[in-house]
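This report refers to the structure that appears directly beneath it.
The values are calculated or read from the model by the stated rules, or taken from the named source; none is laboratory data. Please read these numbers as outputs of a predicted model, since none were measured by experiment. Neighbour counts run over all protein chains shown; Cβ positions are idealised from the backbone, glycine included. The area values use the complete protein model at the heavy-atom level, side chains included, leaving out ligands, DNA and RNA. Shrake-Rupley method; radii C 1.70, N 1.55, O 1.52, S 1.80 Å.
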Amino acid sequence: MEKVILDGQLVATNIKDALKDKVNVLKEKGVTPCLATILVGDDPSSATYVKMKGNACEKVGIKSLRIHLPKETQTDDLLKTIDELNQDDSVHGILLQHPVPAQIDERKAFESIDIRKDVDGVTSRGYGETALGFGKYPSCTPAAIMEIINFYNIPVEGKHAVVVGRSPILGKPVSALLLNADATVTTCHSRTTNLPEIVKQADIVVAAVGKPNFIQGDWIKEGAVILDAGYNKGNIGDVDYDACYEKASAITPVPGGVGPVTISMLLKHTVKSAEETLQN
Ligand code: NAP
C-alpha cells in the first residue's frame, strides 16, 4: 500500500495562493480584508503565535491590526476593546489569543466577539452553528483537519473516526465536523477507559491531547489515517510518529502538518468575512 505523508505546507500554499487572488478582487472593490489580533500580556508563546498570524496575513495582502494590551488588563477593558473592533467596519475578523491572564473572564470575552467577525470560531454560537452544520467559521484547527482530509480525498463517509481530546477549540468541534461529514465518531478524553482498544478500531485518528508522542504505534489499525493536531515543546506532536507511520496509510508530520493549515484557515475565514460585507 502506498503511504502518504499529508503535507500541510502544500495544502497551506494552495489555500494562500487562492486567497491572494480573492484579496486582489476585494481590493479592486475598495475592501481590504483586515484581521485584528488581540494579545493580552507577555506570554512568549502567545506573542509568537500572534506574530506568525499577523505576518501570514500580510503575506497574502490582508491587513493585520495588532493590539497588545498589558498583562494587568481587566475583563471590562478587554470587552471595550472588542466592542470597538466589533463596531469598526474596516475590521473583518477578531482573534483573541488564548490564554489570557487569569483575572480575565475569557469566556465572556470570547462571547462578546460579533458572530460575523468570529473567524476563529470561539463563540458558543459559532460552535453551535458548526455542530448543526451551518457554521460559517469553524475553529481553525478543526477546519484545517477537514481541509487536509478534503485535499487528499480521504474517504470519511461511513468511516470510524476516533478523536482523542474534547477541548472546545479542537476535540469537540472536529468531532462535530467529522460527524457532519458522515463519519461514525468516538470522542475520547482523560476519563476514557480502554483508550488503546478504541483507537485500534479507528479508520481515522485525530490526536488532540496536548501530550508529546502520546498515541502509540501498537494502538493503530493497519492502514488508518492519522491527523496529529498536537504541538508540544520541541516541535513534537501528540503521535509517536515513527511507530505510527509504520501502521498508517496516511499521516500528518509535526511540524508541517496541521499547524500551517490552521493559520491558512484563519486567513481564509477573514477573507470570507470581508467578502460577506459586500453581499450585505
Ligand atoms: P486541551 O484543552 O489541553 O485539551 C486536551 C484534551 O486531551 C482534553 O479533552 C483532555 O481530556 C484530553 N486528554 C488529556 N489527557 C488525556 C489522556 N491521558 N487520555 C485521553 N485524553 C486525554 O488541549 P487543546 O487546546 O485541545 O490542544 C491539544 C493539542 O493540540 C496540543 O498539543 C496543542 O498544542 C495542539 N493545538 C495545535 C493547534 C495547531 O494549530 N496545530 C491549535 C490548537 C491546539 P479532558 O477533557 O478529560 O481533560
Where residues in the stretch 201-210 are within 11 Å of the ligand (Cβ to nearest atom) and open to solvent by 20 Å² or more (accessible area, probe 1.4 Å), which of them is nearest to ILE154 (Cα to Cα)? VAL209
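Yes/no matrix, rows are residues, columns are (1) in a helix (DSSP H, G or I); (2) open to solvent by less than 10 Å² (accessible area, probe 1.4 Å); (3) within 10 Å of the ligand (Cβ to nearest atom); (4) in contact (Cβ under 8 Å) with a residue 60 or more places away in the chain:
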| residue | (1), (2), (3), (4) |
| --- | --- |
| ASP182 | no, no, no, no |
| PRO212 | no, no, yes, no |
| GLY223 | no, no, no, yes |
| GLU246 | yes, no, no, no |
| PRO253 | no, no, no, yes |
| GLY256 | no, no, no, yes |
| PRO260 | yes, no, yes, yes |
If we ask which residues in the stretch 111-140 are of a type in the set (S, T, N, Q) and open to solvent by less than 30 Å² (accessible area, probe 1.4 Å), their number turns out to be 3
Residues in the stretch 162-177 that are near the ligand (Cβ under 10 Å from one of its atoms) and open to solvent by 20 Å² or more (accessible area, probe 1.4 Å): how many? 6
Quick one: which of PRO101, PRO155 is away from the ligand (no atom under 16 Å from the Cβ), touching a residue at least 60 places away in the same chain (Cβ under 8 Å) and not in a helix (DSSP H, G or I)? PRO101
Kindly list the number of the only condition in (1) closer than 22 Å to VAL11 by Cα; (2) within 12 Å of the ligand (Cβ to nearest atom); (3) not acidic (Asp, Glu) that fails for ARG191. (1)
